1. So how many Å³ per residue does the convex hull of the Cα atoms of region A:91-151 work out to?
2. Specify the residue with the greatest mean-square fluctuation among B:139, B:185, B:194, computed from a Gaussian network of chain B linking alpha-carbon atoms under 10 Å apart.
3. Most exposed first by the Cβ proxy, i.e. fewest other Cβ within 10 Å, how do A:184, A:192 rank?
4. Which residues in region B:140-176 have a backbone N closer than 13 Å to a point placed 7 Å from the Cα of residue A:233 along the Cα-to-Cβ line?
5. What's the exposure ranking of A:395, B:89, going from fewest to most Cβ atoms within 10 Å?
6. Could you check the spin-label model distance between residue A:526 and residue B:194? Points 7 Å from the Cα along Cα→Cβ, value in nm.
7. Take the Cα radius of gyration of region A:404-524 and divide it by 2.2 N^0.38 Å, with N its residue count; two decimals is plenty.
8. Report the relative contact order of chain A, percent, no decimals, based on alpha-carbon pairs under 8 angstrom and at least 6 residues apart.
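Derivation of every value follows stated rules applied to the coordinates shown; laboratory data play no part. Keep in mind it's a predicted model, so treat the numbers as computed, not measured. Note that each Cβ is placed from the backbone with ideal geometry, even for glycine, and that neighbours are counted across all protein chains shown.
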């Protein structure tokens, strides 16, 4: 239920709805899309990345001297959790072909494909398998399967969305593998939305010039993730899953190749060593670092662990100055602040509106542009709606969807969204949602090529942890595709490599060397990373935890 | 404009907020009345390792059972999306012990015999409806178990679609069925065997395999940025 003081603004939304409905039905854009100059202008002035204090020069490591997102620089200029001299690497606790770090979509896809190519793997994951952003994507996955569409058209849309900074070979891999991924998942038992003749339902997302968003109601990520997890669990003799046991540092061999990792059981607080012929970093993103103080759509464990352990080992990062804010995070009620509202709502005809019930932006600009335009409307034009706790937001007019797509569409296609709001007495079929950009995605990551190879031999990276494929701005539906395409590729190429490599003596000397670099650069910090979990303990409680010794957020 | 961190926020507002008392595993704590169960547990000072995942109602990590004062009923909910109430007595389910059948999706059939073989306990269902009552997603869990007994795979898929696999149904079931794993099996059977084939997809995969887009890709990948930009801003939008 919205508070009474919002009634007047809500009435204005209702009053303008019929006119906006007619406009949407005409097939023309409901608001003029921005050209290149307009995009640049709104990004420069209002996107959080472009604030001066958003970026900070990193003083050590492979990207030394570059401006990275401030919170990332601070996380990278940190101490390790471990003391290398305490580990005996001559007798590792586990040995396997491939160590896969992260049990989300990319990690599970990699494990399944590696298994099909004959490699055994260990999945090390911080929480449960599937506790990942992959589980949470609602709206869909892009893949060019329609006759009026093509992988090259998909390529052009992705490049434009990424401001042409994307690595071409990666975008080609992404878009050309797309149709195959749809089929591969279906053969594993994934359910795609289809009509009775089998034709795949395809919708628009921000920045798409063809309808290519394929979906599974608004549980797309959950259905894919559970299909992959189930397949992993069906093969316990080939894939070993270690839950609540994240990897905290990489292990190297004498020739500087990645050769496994140090794992930490967060419940028993024990450390374990894993020797692996190849290592796949699939740790996902960093939303729980709450960059610039933003709420996030991300899952509990999204703390950028893979970045810091790869960086310490010498991996080069790409586009770590660029953060994605999802245009439509929820801001009311307070209990669901920051939660993701799928972009498919706008794909199906939902419109962002200011407090006067007016359109102020084309509803399907690429995410960074759409977010910046919403912030501009709230901050510069002062046309936002304030919530009781002082957050600002604009309306996202969802009742239009059933008007445009036919009665029952929201019930059939957005059951998760409907459920999210009806718990708090807001029926999105009748009333709009209140939204503001929410921290959503790590655009950059460890630089890879189209075989998922990083600059460290034996270290493969896939999914959100990698950088290059999305340039500096990812389009909707391309991350679900990304973790499948590159998870599969990582599984394939890591297996190929693992079959040939002969490892030398193991070491974790790079951890000492990095500590030495910190000292030389005179960096004083008490931060320990990987961060592993965010802390939501109130300050007053933490003060009373006198006897607790913390390493980051964990004891 | 950046918003305040959740951490700082709850602290700053603590004095002015309306508070309620909840009993976390039997121990009383004063927490903000507007908090979710998960927010309340963290506010009390716990660092969650079990019992928190996506925090948005999709992953099923935070199954919680609770009772209210003067009420004999057991209530269930997801900690991330259920609001606290005065006097609530709650405990989280750290994990649910569940039987999962191991199978090869390529070798099973979408029929009742598969259910009989992999999850024979389904046929012990006494139709008590405890599962449906426990479901935090308000699914008709018992109905899909009935459909599973009939081998109606498509109906199980549809009725169990929104399942988050939190385990609350299984833990309440007197017949010891693991409903959510039956649902997942049927979803996979449906996706692989019963969903109608997409002819356009089959055709597109053939085109990709025959390198139909090779030349276009090469042109795009070697184009100057200014040319690519022009193509991008000039491209037509499907309505």
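1. With only Cα atoms used, region A:91-151 gives 107 Å³ per residue.
2. Looking only at B:139, B:185, B:194, the biggest GNM fluctuation is shown by B:194.
3. Listed from fewest to most nearby Cβ atoms, that is A:184, A:192.
4. Once the point is set 7 Å along Cα→Cβ of residue A:233, B:164-168, B:170 turn out to lie under 13 Å by backbone N, inside region B:140-176.
5. In order of increasing Cβ crowding within 10 Å: B:89, A:395.
6. A separation of 5.9 nm, rounded to one decimal place.
7. The value comes to 1.66.
8. The normalised contact order for chain A reaches 24 percent.
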